[in-house]
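The values are calculated or read from the model by the stated rules, or taken from the named source; none is laboratory data. These figures come from a predicted structure and were not determined experimentally. Cβ placement follows ideal geometry from the backbone for every residue including glycine, while neighbour counts extend to all protein chains displayed. Quick note on the areas: whole protein, heavy atoms, side chains included, nothing else; ligands and nucleic acids left out. Shrake-Rupley method; radii C 1.70, N 1.55, O 1.52, S 1.80 Å.
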Amino acid sequence: QAQLVESGGGLVQAGGSLRLSCVVSGTIFSSKSMGWYRQAPGKQRDLVATITSTNSTSYVDSVKGRFSISRDNAKNTVYLQMNSLKPEDTAVYYCRLFALNSWGQGTQVTVSS
């Protein structure tokens with residue numbers, strides 16, 4: 001079973017930036033597609049961005065042009081660079097390893113107006 005550990009969340013003002021990291025262990029990371037999700041209070045968990053083993057990426061419309069997903073296979077890490085943050089981006093952010101349906105514990109992102 002894979003283990004995923006997120007970090008990098010915090011409190012930031014609107015317009016600011018954060019970079020989230022997710023370190024993966026217990027599996028061959030380089031061959032796996034990964035995703036970032038977020039869950040706001042009282043809402044369902046929604047997909048934000050994905051990256052395949054060949055670095056093909058996709059984004060939900062609300063973050064296109066502001067967020068960027070990337071990976072470093074040497075560090076078994078997937079990143080989510082978040083720029084021009086808005087209050088509506090406030091949520092707990094989770095990474096997911098699709099092949100094993102493994103999730104991290106989440107990291108809180110709070111954007112103040």
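Please work out how much length the chain gains when fully extended from Ser62 to Asp46, using 0.36 nm per residue of separation minus the C-alpha to C-alpha distance, in nm with one decimal.
4.6 nm
Between Ser113 and Asn55, take the C-beta separation as r, use R0 = 30 Å, and let me know the FRET efficiency to the nearest 0.05.
Here the calculated transfer efficiency is 0.30.
For the chain, calculate the relative contact order in percent as a whole number, restricting contacts to Cα pairs under 8 Å that are 6 or more residues apart.
After rounding, I find 38 percent.
For the chain, report the accessible area per residue in Å² (1.4 Å probe, heavy atoms, rounded to an integer).
50
Pull up all non-local amide H partners of Gly10: gap of 5 or more, or a different chain, and H-to-H distance under 5 Å with H placed in the peptide plane.
Close amide H contacts, sequence-distant or interchain: Val109, Thr110.
Taking all protein chains in place and a 1.4 Å probe, what share, in percent, of the accessible surface of the chain do carbon and sulfur account for?
Solvent-exposed carbon and sulfur of the chain make up 48 percent of the total.
Once phi is turned into θ = phi - 60°, what whole-Hz ³J(HN,Hα) does the Karplus curve with 6.51, -1.76 and 1.60 give for every residue of segment 18-27, x standing for Gly and Pro?
My calculation for segment 18-27 gives 9, 10, 8, 10, 9, 9, 10, 9, x, 7 Hz in order.
Subtract the Cα-Cα distance of Val5 and Ile28 from 0.36 nm times their separation in residues, and report this length gain in nm to one decimal.
Full extension of this stretch gives 6.7 nm more.
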